[in-house]
Structure formats: structure tokens, C-alpha cells
């Protein structure tokens, strides 16, 4: 479990908005971390998009956009892998 999912879990159990806000910020930070691999960043973007959409959070569109923007990096990584 990562920090974002732990905060989302806390929100589900408490319904305190501070947890969902912190979770979305955590996912955004993970997606924009230039030191992380593209696959890790994409995983964070995917989780962010899923949770933001599920909880009708205002950042859902940003999350989906971030995921789409990372796709070319995944494609380049995938094309270097043996078949």
C-alpha cells in the first residue's frame, strides 16, 4: 500500500475530506516526480484517475490527462523489451 492509497482508505472509513484531498495531492506529486520511472509514474496516474473519478474529485480530468501524457514513455519502454 502506498501513501495515496492509505489516505484514500482513511477517507473511505472516515469520510473526512482532508484525507481525499491529501490523497489526490500525493498522487499528483508521485506523477510529477521526475526521479521515478515512467511505469511508476503511470501507475500513480492510473490510481489517481481511478480514485478521483470514483470519488468525483475535481482533479479527475488532470489525472487522466497525466496518464495519457505518460503513454509515449511507456510505449518507448515497451518497444525495447524482447518479444
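The values are calculated or read from the model by the stated rules, or taken from the named source; none is laboratory data. The structure displayed is predicted, hence computed values, not measured ones. A quick note on method: Cβ atoms are made from the backbone with ideal geometry, for glycine too, and the neighbour counts reach across all protein chains shown.
Give the residues of segment 63-81 that are surrounded by fewer than 18 Cβ atoms within 10 Å (Cβ to Cβ) and modelled with pLDDT of 95 or more, sorted by residue number.
Within segment 63-81, the subset surrounded by fewer than 18 Cβ atoms within 10 Å (Cβ to Cβ) is 64-65, 68-69, 71-81.
Matches in segment 63-81: 64, 65, 68, 69.
For residue 40, are the conditions met, namely being out of contact with any helix residue (DSSP H, G or I) (no Cβ under 7 Å at 6 or more places or on another chain) and not in a loop (DSSP other than H, G, I, E, B)?
On the way: out of contact with any helix residue (DSSP H, G or I) (no Cβ under 7 Å at 6 or more places or on another chain): yes; not in a loop (DSSP other than H, G, I, E, B): yes.
It is true that residue 40 is out of contact with any helix residue (DSSP H, G or I) (no Cβ under 7 Å at 6 or more places or on another chain) and not in a loop (DSSP other than H, G, I, E, B).
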